[in-house]
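Each remark here refers to the structure printed beneath this line.
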Amino acid sequence: MNTLSEFKNFTASLPAQQQLMPVLFIGHGSPMNGIEDTAFSRRWTQMAKEIPTPSAVLVVSAHWFTQGTKITAMDFPETIHDFGAFPPALFAVQYPAPGNPMLARETATLIHSAKVELDHDWGLDHGTWTVVRHMYPDAKIPVLQLSIDYTKGPQYHYDLSKELLALRKKGVLIIGSGNMVHNLRMVAWDKINQSGYGYDWALSINEKFKSLITENDHRPLINYSQMGREAMLAIPTPEHYLPLMYTLGLRSGQEKVSFFNDQAVGGSLTMTSVKIG
């Protein structure tokens, strides 16, 4: 299928949903959540049972930062172990979900604000597979990744996400995978196993983020650099925050917003996750 009309025919073949597929932002945290039975991973499993079964999953992961925008377009994306100093059991994990080259091409045609490159070299990094393998352990649902263009700011990514709304209408589950508060340099490693431990500034800014999301007031979240010292401590670098822009940009009208896994880890991280719809 190499013509635009054929791509459109493929999208048309996906049955339209009476309601939009929910969209998620998931705080993925440590790669170990991918193999451990934690409160976080159990909630991911439960979430998959609460929402409709998707026709495909499209993930915007904090761990695929590129110049320009790319989408995985291979038949079978490899499982990428993009981390170090973890147990061999984590490196042994394979998540053999198929890709969907036709859906990748169709997604690329939906995006007019950027030229989207069809990628055959990446795969599923740990921002994707550590979460999705708990949600869909049989690995039968196609999984794709959309990269984050590191040369662009939050407004660009927020606006680009709106061009993906048609996928929600066709049952594609879109997930932004990162962390709202993510400052690894300030992690209190001696308290990493203390449930819910967060520095005052981390808890405070996390609550501000949640309040703005609930109120559908996205402007301050897009311009987070103007939110003061707490925000800059929470987001010293943007890669884990920008996936949130894709989730928020896909909210349609006054769709219901709810939070899950709303917990701090190690002082300077939060696992707070968002469901829209």
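Just so you know, all these numbers are worked out from the coordinates, no wet-lab data involved. Everything numeric here is computed off the predicted structure, so don't read it as measured data. Because the Cβ atoms are built from the backbone with ideal geometry, glycine has one as well, and the counts that use them run over all protein chains shown.
List of remarks:
- Calculated Cα extents along the principal axes in Å (choose from (1) 55, 43, 35; (2) 64, 48, 28; (3) 96, 37, 34), label: (1)
- Taking amide H as placed 1.01 Å from N in the peptide plane, GLY171 has its amide H under 5 Å from the amide H of GLN17, MET21, each at least 5 places away in sequence or on another chain.
- Gain upon complete extension [SER225, THR151; 0.36 nm per residue less C-alpha separation]: 25.0 nm
- Residues within the reach of a label modelled at PHE65 (point 7 angstrom out along Cα to beta-carbon, backbone nitrogen below 11 Å), restricted to the range 135-149, are 148-149.
- Residue with peak Gaussian network fluctuation, the chain [Cα springs, cutoff 10 Å], from ALA104, ALA231, ALA114: ALA114
- Here the Karplus relation 6.51 cos²θ - 1.76 cosθ + 1.60, evaluated at θ = phi - 60°, turns the backbone of the range 213-229 into coupling constants of 5, 4, 7, 6, 9, 8, 4, x, 5, 5, 9, 4, 5, 9, 8, x, 4 Hz, with x for every Gly and Pro.
- Stokes-Einstein translational diffusion, the range 170-277 - Kirkwood Rh over all Cα pairs, 1.306 mPa s, 10 °C, in µm²/s: 112
- Crossing angle, helix 101-110 versus the chain [Cα axis fit, 0-90 degrees, rounded to tens]: 80
- Extension gain, GLN46 back to ALA89 (0.36 nm per residue minus Cα-Cα distance, nm): 13.1 nm
- Positive end of the dipole of the chain (Cβ unit charges, origin at the Cα centre): among ALA234, ASN206, LEU118, the Cα lying farthest that way belongs to ASN206.
- Across the chain, the longest piece that holds none of the trypsin sites (Lys or Arg not before Pro) lying in DSSP loops with up to 15 other C-beta atoms within 10 Å covers 141-255.
- Relative to the longest principal axis of the Cα atoms of the chain, helix 126-135 runs at roughly 80 degrees.
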